[in-house]
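Peer 1: Pasting a structure below so you can have a look.
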Amino acid sequence: MKTSSTDLAAEAALLSAYAQGDVQAAQALAQTYTPLVYAHACRLLNDQAEAEDVAQEAMLRLWKQAPHWDAGGGASIRTWLYRVTANLCIDRLRKTRPDGLPEELEIADDTPSVETQLQDTSRRLALEDALMQLPDRQRQAVVLRHIEGMGNSEIAQIMDIGPRAVESLTARGKRALTALLSGQRKTLGYSDDTAQTT
């Protein structure tokens with residue numbers, strides 16, 4: 001998702017208004033970006049409480065950066081926040097690597113059956129567990145590309161690497177996830193077209 005120069009200028013104006021004490025600008029920034037930052041931190045950390053702390057810290061850094069924001073720098077607020085959030089998450093992961101799975105994340109399901117909900121939860125937890133086994137940079141690239149839906153150029157900007165490095169990290173991450181999850185296909189309710197046992 002490419003951010004236009006008009007969007008960058010609007011973001012800079014919003015941050016400038018916030019820096020001058022505009023309460024509406026502060027609310028607009030918080031409502032727009034805090035949920036994105038929190039969701040991204042949840043995906044990288046797999047821990048709600050830690051993700052809340054990271055989201056608060058990332059937004060605090062944005063508030064501090066507001067008076068000095070450079071609209072000509074080329075980075076959107078979203079890109080800047082994703083980079084800060086990823087770095088904060090990586091720092092936390094390096095300090096403490098938890099054993100086992102953290103509490104499951106609350107994800108709202110509309111009205112699927114209990115069996116479907118349980119199966120979806122099992123699949124999601126298996127994916128989260130597998131993601132947490134990837135090296136930090138691979139996990140970050142895979143999450144940004146396949147969960148957040150970003151393009152390689154934006155991911156490259158967030159991770160401060162080239163687009164080819166993004167492709168490489170994403171490909172290696174996908175291969176590693178496939179290997180980690182391949183033995184769980186039957187348990188997770190995926191069946192091969194050829195074999196059906198009763």
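The values are calculated or read from the model by the stated rules, or taken from the named source; none is laboratory data. Here the structure is a predicted model, which is why all the values come from computation and not from measurement. Here the Cβ positions follow ideal geometry from the backbone for every residue, glycine too, while neighbour counts run over all protein chains shown.
Peer 1: Would it be correct to say that ARG164 is in contact (Cβ under 8 Å) with a residue 24 or more places away in the chain and among the basic types (Lys, Arg)?
Peer 2: Here the answer is no, as ARG164 does not meet what is asked.
Peer 1: When you check ARG43 against the structure, is it of a type in the set (D, E, K, R), in a helix (DSSP H, G or I) and either in contact with a helix residue (DSSP H, G or I) (Cβ under 7 Å, 6 or more places away or on another chain) or at pLDDT 85 or above (or both), yes or no?
Peer 2: Criteria met by ARG43.
Peer 1: May I pose another question? Those residues that are at pLDDT below 90 and in contact with a Ser or Thr (Cβ under 6 Å, 6 or more places away or on another chain), I need them from the stretch 12-40; list them, please.
Peer 2: Scanning the stretch 12-40 gives a single hit, HIS40.
Peer 1: Another one. So for the stretch 103-123 (the condition being assigned by TED's automatic domain parsing to the domain that holds GLY149, modelled with pLDDT of 65 or more, in a helix (DSSP H, G or I) and not polar (S, T, N, Q)), does at least one residue qualify?
Peer 2: Yes; the residues of the stretch 103-123 include at least one that is assigned by TED's automatic domain parsing to the domain that holds GLY149, modelled with pLDDT of 65 or more, in a helix (DSSP H, G or I) and not polar (S, T, N, Q).
Peer 1: List the pairs whose first member sits in the stretch 35-64 and is assigned by TED's automatic domain parsing to the domain that holds PRO135 and closer than 13 Å to LEU81 by Cβ, whose second member is aliphatic (A, V, I, L, M) and crowded, with 16+ Cβ neighbours inside 10 Å, and whose Cβ atoms are under 9 Å apart, counting only residues at least 6 apart or on separate chains?
Peer 2: The qualifying pairs do not exist here.
Peer 1: Next question. Please go through the stretch 66-101 and give me each residue that is at pLDDT 80 or above and among the acidic types (Asp, Glu), ordered by number.
Peer 2: ASP91
Peer 1: Within the stretch 157-169, count every residue that is surrounded by fewer than 19 Cβ atoms within 10 Å (Cβ to Cβ) and assigned to a helix (DSSP H, G or I).
Peer 2: 5
Peer 1: Would you say GLN48 is loosely packed, with under 12 Cβ neighbours inside 10 Å and either in contact with a Leu (Cβ under 8 Å, 6 or more places away or on another chain) or modelled with pLDDT of 85 or more (or both)?
Peer 2: Against the criterion (loosely packed, with under 12 Cβ neighbours inside 10 Å and either in contact with a Leu (Cβ under 8 Å, 6 or more places away or on another chain) or modelled with pLDDT of 85 or more (or both)), GLN48 does not qualify.
Peer 1: Which residues, taken from the stretch 124-144, are under 17 Å from SER182 (Cβ atoms) and not in a helix (DSSP H, G or I)?
Peer 2: Answer for the stretch 124-144, where residues must be under 17 Å from SER182 (Cβ atoms) and not in a helix (DSSP H, G or I): just LEU134.
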